[in-house]
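Before any comments, here is the structure.
The values are calculated or read from the model by the stated rules, or taken from the named source; none is laboratory data. Quick caveat, the model's predicted, so the values are computed rather than measured. Every residue, glycine among them, receives a Cβ derived from its backbone with ideal geometry; neighbour counts consider all protein chains shown. Areas reflect the complete protein model, heavy atoms only, side chains present, ligands, DNA and RNA absent. Shrake-Rupley method; radii C 1.70, N 1.55, O 1.52, S 1.80 Å.
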Amino acid sequence: RPSAIIGMDFDRTEQVRAEERLRLLSAAVEQSPVSIVITALDGTIEYANRKVSEVTGYSLEELKGQNPRLFKSGETTFDDYWNMWKTIPSGEWHGTFHNRKKSGELFWEAATIGPIRDSSGMTTHFLAVKEDITERKAMEEALRRSEERVRLITDTISEVFWMTDAQLTRFLYVSSAYERVWKRTAESLYRDPRSFLDAIHPD
């Protein structure tokens, strides 16, 4: 029966193509530079890619069957977790976690978590895509501390100074001495960069 043979060949070809697409997709997920976790509805980890193991220090065998609470450090607030669980059954949640590695070291992750649905639209699993942002957080904290030191220094100087853009259309910084010397608020300069001219004698 030629038609039956052709049908079988067509089915086999489609199966081979589907298997190849699945192989390529699996390779992409495994080689992804971000952590990918799939959990059951109760949070049980059913899949984690190699990046998760690399970041957390847990082997893939140790992770399977565990709950992501394994990573909890106590640094992420209850409200953050509560908002996440309220959101993910029906939509995507975006946020950050301050988690703990197997070694005890703390790390930061930016996460997007959302539902995986079957053909009928029913949520069957949750998918988490997470990026290790520990280094970025450290740089932000170092910058914040540096800015705080500069502010403490400038706020103790009795002379007035400010920083503006080159066109004098926007004030970037006004020292606190401005308010003491000029008897005008710094906020007035931020709102209207040329308002200081009102206090200058025409001569």
Label selected from (1) 21.2; (2) 12.4; (3) 14.0, the criterion being mean projected area of the Cα convex hull in nm² as computed here: (1)
Listed residues Glu92, Glu135, Glu62 arranged by accessible area, highest first, probe 1.4 Å: Glu135, Glu92, Glu62
Under 5 Å, built H, 5+ apart or other chain: amide partners of Tyr58: Lys102
Long-range HN-HN contacts of Thr96 with modeled amide H, under 5 Å: Ala111
Sum of -39500 (n - 2.57) over DSSP H runs of 4+, divided by residues of the chain (222 nm, nearest 500): -13000 deg cm²/dmol
Area of Met84 that stays accessible when all protein chains are in place (1.4 Å probe, Å², to 10): 10
Contour minus Cα-Cα distance for Met139 and Lys101 (0.36 nm per residue): 11.7 nm
Simple spin-label estimate for Glu46 and Val129 in nanometres, 7 Å along Cα-Cβ: 1.9
For segment 95-203, projected area of the alpha-carbon convex hull averaged over all directions, nm²: 13.4
Heavy atoms of Arg50: accessible area, 1.4 Å probe, square angstrom to 10: 130
Relative contact order (percent, whole number), segment 76-203, Cα cutoff 8 Å, 6+ residue spacing: 12
Global geometry of segment 24-130, whether rounded, prolate or oblate, following the gyration tensor of its Cα atoms and the 1.5 cut on a/c: oblate
Gained length - Thr164 relative to Arg117, 0.36 nm times residue gap less alpha-carbon distance: 11.7 nm
5 angstrom amide H check on Ile133, placed H, neighbours 5+ away: Trp108, Glu109, Ala110
